[in-house]
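Only one structure is covered here, and it is reproduced in the block below.
The values are calculated or read from the model by the stated rules, or taken from the named source; none is laboratory data. Because the structure is predicted, anything quoted here is derived from the model rather than measured. When we count neighbours, we look across all protein chains shown, and the Cβ atoms used for this are built from the backbone with ideal geometry, even at glycine. For accessibility, only protein heavy atoms count, side chains too; no ligands or nucleic acids. Shrake-Rupley method; radii C 1.70, N 1.55, O 1.52, S 1.80 Å.
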Amino acid sequence: LKLSQIANLLGCSCPGGGEEFLITRIASPDNADEHAITFLSDPKHLAAVAGCRSLAVIVKKGTAITGKLLLEVADPYVGYALVAQEFESREFEFSAPAPCCIDPSARVASTVRCGPYSVIGPDCIIGEATTIGACCVLERGVKIGAGCRIDSGVVIRRHCSLGNKVIVEAGAIIGSEGFGNAFDGERHHRIPSFGNVAVHDEAWIGAHTTIDRAAFGSTVIGTGVRLDNLIHIAHNVAIGDHCAMAAQVGISGSTTLGKRVMVGGQAGFVGHIHIGDNAFIGAKAGISKSVAPGAKMTGYPAREFMKMRRIEAAQLSLPELLKEVKHLRAEVDSLRNRLDEKSVDKQ
Amino acid sequence: LKLSQIANLLGCSCPGGGEEFLITRIASPDNADEHAITFLSDPKHLAAVAGCRSLAVIVKKGTAITGKLLLEVADPYVGYALVAQEFESREFEFSAPAPCCIDPSARVASTVRCGPYSVIGPDCIIGEATTIGACCVLERGVKIGAGCRIDSGVVIRRHCSLGNKVIVEAGAIIGSEGFGNAFDGERHHRIPSFGNVAVHDEAWIGAHTTIDRAAFGSTVIGTGVRLDNLIHIAHNVAIGDHCAMAAQVGISGSTTLGKRVMVGGQAGFVGHIHIGDNAFIGAKAGISKSVAPGAKMTGYPAREFMKMRRIEAAQLSLPELLKEVKHLRAEVDSLRNRLDEKSVDKQ
Amino acid sequence: LKLSQIANLLGCSCPGGGEEFLITRIASPDNADEHAITFLSDPKHLAAVAGCRSLAVIVKKGTAITGKLLLEVADPYVGYALVAQEFESREFEFSAPAPCCIDPSARVASTVRCGPYSVIGPDCIIGEATTIGACCVLERGVKIGAGCRIDSGVVIRRHCSLGNKVIVEAGAIIGSEGFGNAFDGERHHRIPSFGNVAVHDEAWIGAHTTIDRAAFGSTVIGTGVRLDNLIHIAHNVAIGDHCAMAAQVGISGSTTLGKRVMVGGQAGFVGHIHIGDNAFIGAKAGISKSVAPGAKMTGYPAREFMKMRRIEAAQLSLPELLKEVKHLRAEVDSLRNRLDEKSVDKQ
């Protein structure tokens, strides 16, 4: 790509004379060469960027670095993401033709690529330019939009649907059964799930994440949602648009999240609560009650962020506090005795 | 199904005149139509059920709803489970014949259905009416009973055994190696596992749950046990009959659970302890000691449930407590000084 | 094996007259027969070992048990590991020839065994005597050394590399994408990963563990590292040689571990910190800051081990402490009043 094309992509002006300069890849400063473009998203890396071999740098508007071709943008980290997507390999991982098992009733667009030993079941519909890895299983009636990327080893169970440009990473499972049991005091009676999972456009599902189908209706993953690896989403959960959650989070049945909720790794949510828009949930937090929009919660049990920080700080003094209260008790008792003696003296 | 057949299934009487009424599916009140049966397991949904389009409702004995055909049972949630199982699809997800790889030495019952690209290794034995999804791997010597459901992408490693009517959800791994290492101060020496995993009748193993084989003997999953998704069961663990645990629980080596233990999500157990019958372990609890039968434990480190609730409530006051103790210290010092002065005055 | 051969393997002397005694397997005392060898690693099992049917026992130097053929070693648990490895089955789980899909450009050593429905992509290189299970996917450019064991259902994504004698258990995913997102206040822009994962010699990766590829460069798993099941290793993490971590641990992006770090189950680490050599991290710990070499940390938030134990003990007294401070407050107020009254009296 010419630098002018990248400037165009970022919606910024191209440094004079650099329009024709050829960019062959994006790199971090330490492994950049002359024709790699790099980026400065945190000022603490300024020296590393200034000293690196790369000529072209994506920077925050107003940044000056001598001897570099600067693309000045509002948010260089977003700029990095956009340019990196441009340089991403679109090469298919597997050679064609691959042995796979496509039911005659499935409607698979002609531009779909499918790796070896994948299975596309009856009545599936797969949109244009979607790629499917190896050893994937799409059960009966699965619908996948256009431009999706389904990595190897993914299982999408019956009647689940994915929008357009969805990414499902290796080993993710979409549409496993909800964990529903009616306990009669002696044993559990299994409650089958009649619903499905609906994943909306541009969502990204991490490796080995499992999403259970709804009892009735749909478990919903909103537009642009980011789920990291090994996350558990239970039945009838609804995740609002553009939420992001780090690895190993668990969300229990029927809990709903608003939009743009951010969740740290290993956090857990009980069922049947609601998390408001733009809430922030700390790593390892245990959320047992609904959370207001914009609230920041952390800890187990979770509390408002600054309150929790004060509690945690106070805990450090707890062993000394115990001793101090014992001393106070002794001193108060002794003061009372002295005061009692005085009273006796007086009488 | 006729309503009288459902009444029969539930062991209750059929409302007069409704015997021949046709029920085509089970549904929640909000998506029910006239021929769907619904249920009322929580009185707070009474208005929704009373106003829904469904005619037939499973209710608790003694409940009255005008204009509905009521099936009165002791526990309507159990009733829901039983009827839902009846309406569950038994359709196989894949079209036959599927390419799969069955070792000639395997004994596979004639009513077994197997999805594409599944592997049944040497000396396996598979019972009647068991279904196996796509891309499953059953290694050498695996024994599976009758009426089991093995979903796609499951791996059952060598010589593990499953009873009858076991469900193994997509991607579960049964018989991975125990995590045994002898550390010599410099490096770890791997300890191979010679045992297997034995899963008893009617157990239900969730998606991507992993169960390690025993060092010697068997890791045991009892009858009717429910394991949700992404659970880790280490080597030589024994889970008693009818235990249930939510997603992402981890149980370390050689720990044993009695019967009907309930475990919340993301709880963790150290190795070599015993959890008594009917114990209840809260979500995210960290269990480092054996638990008595019937005990309710929660927290990290885990404590008896009500004690933990009191500690958690007290923690909220901890920052103020620190300040109050400082004030008390100052006041006690000042009182002592005043008392000392008085004593001096007197002398 | 003759007992003398085992003594040779352990580097100890063979009990006189037992040189030719045939050992057919290794077993725990309770399921040992005459020709099984067993071991005594914990003195509390002495009676069980003394009374078991096995003749040969691996013991700590200086241990005496009447009527047994004793192999005396410095560390009998390490001895157990070494002998167990010798008796481990090397039988391949699947019958040959298996249908699999090997790209013509892949260079696969002649002694490699590969299970059914596995995929070896373009430009892969697989070393001598490596075994690959069923339904495995090795994408383009994957390099695997000699003597590795890749169990069934493993996905190794493009350009990742494994050293020699690496074990990857069933369902593990190596080289999933790093979870990188640039959030612009409204939506997330995905940051593709250009790096890979490098797993060094003799590492052992557990079932369903996921290891993300680096943004640039390599995510590194050091020599001899042990990762249990369902662990999440984020992009650009580096795990030093001979570290071991129990199941369900999560490590966030760019965090590095020194050598021989031990991590308990379900612990979590924030990104961009360093854990020093020989550190010990307790189960369920939440590590949010760098840890010094040799330090022992536990709890959430994590603190030095003994400090945390004292805090936890003090927490038990917290509800009573609150009451005691209230009493002290009342008593101090009353003492002050009495003192004030006295002062008034005097005036």
Cα-only Debye scattering, segment A:265-347: base-10 log of I(q)/I(0) at q = 0.19 Å⁻¹: -0.83
Apportionment of accessible area to carbon and sulfur, segment B:24-169, percent (1.4 Å): 54
For segment A:169-198 and segment C:76-113, distance of Cα centres in Å: 36
Test item: A:243-249 mean partner chain Cβ contacts at 10 Å: 6
Neighbour-limited loop hits for GluC sites (Glu not before Pro), segment A:80-158 (at most 15 other Cβ within 10 Å; DSSP other than H, G, I, E, B): A:E88, A:E91, A:E128
Amide hydrogen neighbours beyond the local backbone of C:D277, cut-off 5 Å, H modeled: C:G258, C:K259, C:G294
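Normalising by the residue count of segment B:99-256, find the relative contact order in percent from Cα pairs under 8 Å and 6+ residues apart.
Once normalised by length, the contact order is 14 percent.
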Test item: Cα-centred dipole of the protein assembly as shown, Lys/Arg +1 and Asp/Glu -1 on Cβ, debye: 2300
Cα centre as origin, Lys/Arg/Asp/Glu Cβ charges: chain C dipole, Debye: 860
Simple spin-label estimate for A:E320 and A:A48 in nanometres, 7 Å along Cα-Cβ: 3.8
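If contacts are Cα pairs under 8 angstrom and at least 6 residues apart, what is the relative contact order of segment B:195-240 in percent?
Values: 118 pairs, mean separation 20.2, N = 46.
Relative contact order for segment B:195-240 comes out at 44 percent.
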Cα pair count fraction exceeding 49 Å, expressed as % - the protein assembly as shown: 31
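What are the trypsin sites (Lys or Arg not before Pro) within segment B:201-307 that DSSP puts in a loop, where the Cβ has at most 16 other Cβ atoms within 10 Å?
Taking segment B:201-307 and a limit of 16 other Cβ atoms within 10 Å, the loop trypsin sites (Lys or Arg not before Pro) found are B:K289.
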Rounded accessible area of B:M308 (nearest 10 Å², 1.4 Å probe): 10
Charge dipole of segment A:256-347 about the Cα centre (unit charges at C-beta), most positive-ward option of A:L257, A:T298, A:L322: A:L257
Charge dipole (segment A:20-114, unit charges on Cβ, about Cα centre) - positive-most of A:F39, A:F94, A:S105: A:F39
Counted charge near B:S105, where neighbours are those whose Cβ lies closer than 11 Å (Asp, Glu -1; Lys, Arg +1): 0
Karplus (6.51, -1.76, 1.60) ³J(HN,Hα), θ = phi - 60°, over segment B:3-17, in Hz, Gly and Pro reported as x: 4, 5, 5, 5, 4, 4, 4, 8, x, 10, 7, 9, x, x, x
Bridge type composition, segment C:186-235 - antiparallel percent by DSSP, nearest 5: 0
Spread of Cα-to-Cα distances over 5 Å intervals beginning at zero, given as percent, for segment B:141-278: 3, 11, 21, 26, 20, 11, 5, 2, 1, 0
Shape parameters for segment C:199-347, alpha-carbon atoms, Rg then Dmax in Å: 24.5, 88
Rounded to whole Hz, the Karplus (6.51, -1.76, 1.60) HN-Hα couplings of segment A:304-316, x for glycine and proline: 4, 3, 5, 4, 5, 4, 5, 4, 4, 5, 5, 4, 4
22 Å tail of the calculated P(r), segment C:105-193, as % of Cα pairs: 28
Segment B:7-61: equivalent-ellipsoid semi-axes (sqrt of 5 x gyration tensor eigenvalues, Cα, Å): 18, 14, 9
Karplus 3J(HN,Hα) series, Hz, for segment B:272-285 with 6.51 cos²θ - 1.76 cosθ + 1.60 (x for Gly, Pro): 6, 10, 10, 10, x, 3, 6, 5, 10, 10, x, 4, 6, 5
Relative packing of peptides A:322-330, C:242-250 - highest average C-beta neighbours within 10 Å first: C:242-250, A:322-330
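Within a 10 angstrom radius of each residue's Cβ in B:87-95, how many Cβ atoms of other chains show up on average? Whole number is fine.
6
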Built amide H within the under 5 Å cut-off of A:I132, gap 5+: A:R113, A:C114, A:G115, A:I150
Positive dipole terminus of the protein assembly as shown, leading residue within A:S54, C:A84, B:S288 (C-beta point charges): B:S288
Packing rank of C:266-279, C:111-124, where each peptide gets the mean count of other beta carbons within 10 Å, highest leading: C:111-124, C:266-279
Inverse mean reciprocal Cα-Cα distance (Kirkwood Rh) of chain C, Å: 24.2
Proximal lysines to C:K60, defined as alpha-carbon separation beneath 24 angstrom and excluding residues fewer than eight positions away on the same chain: C:K2, C:K44, C:K68
Relative pair counts by distance (%), Cα atoms of segment A:40-122, 10 Å bins: 15, 30, 14, 13, 19, 9, 0
Under 10 Å, Cβ to Cβ, from C:S176 - net charge with Lys/Arg +1 and Asp/Glu -1: -3
√(5λ) per eigenvalue of the Cα gyration tensor, segment A:201-248, largest first, Å: 16, 13, 8
With DNA, RNA and ligands ignored, accessible area of B:F194 (1.4 Å probe; Å², nearest 10): 80
Size of charge dipole - segment B:57-96 - debye, nearest 20, with Cβ of Lys, Arg +1 and Asp, Glu -1, no other charges: 300
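By accessible area of protein heavy atoms, probe 1.4 Å, what ranking do C:D75, A:D228 get, highest first?
Sorted descending by solvent-accessible area, the residues read C:D75, A:D228.
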C-alpha center-to-center spacing [segment A:12-75, segment C:1-31] in angstrom: 66
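Give me the percent relative contact order of chain C, please, defined on Cα pairs under 8 angstrom at least 6 residues apart. If you can, show how the numbers build up before the last one.
On the way: 922 pairs, mean separation 20.6, N = 347.
Computed value for chain C: 6 percent relative contact order.
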Three-way shape label, segment C:204-284, alpha-carbon gyration tensor, a/c 1.5: rounded
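Looking only at segment B:92-247, where both bridge partners belong to it, what percent of the DSSP beta bridges are antiparallel (to the nearest 5)?
Numbers: 3 of 42 bridges.
Counting DSSP beta bridges with both partners in segment B:92-247, the antiparallel share is about 5 percent.
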DSSP-defined antiparallel bridges as percent of all bridges, the protein assembly as shown, nearest 5: 10
Computed accessible area, A:E304, all protein chains, 1.4 angstrom probe, square angstrom: 80
Amide H within-cut-off set for B:L162, under 5 Å, with H built and near neighbours excluded: B:K143, B:I144, B:G145, B:V199
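Output the pairs from A:K323/C:K323; A:K307/B:K323; A:K342/B:K323; B:K326/C:K296 with a Cα-Cα distance over 21 Å in this structure; if there are none, say none.
A:K342/B:K323; B:K326/C:K296
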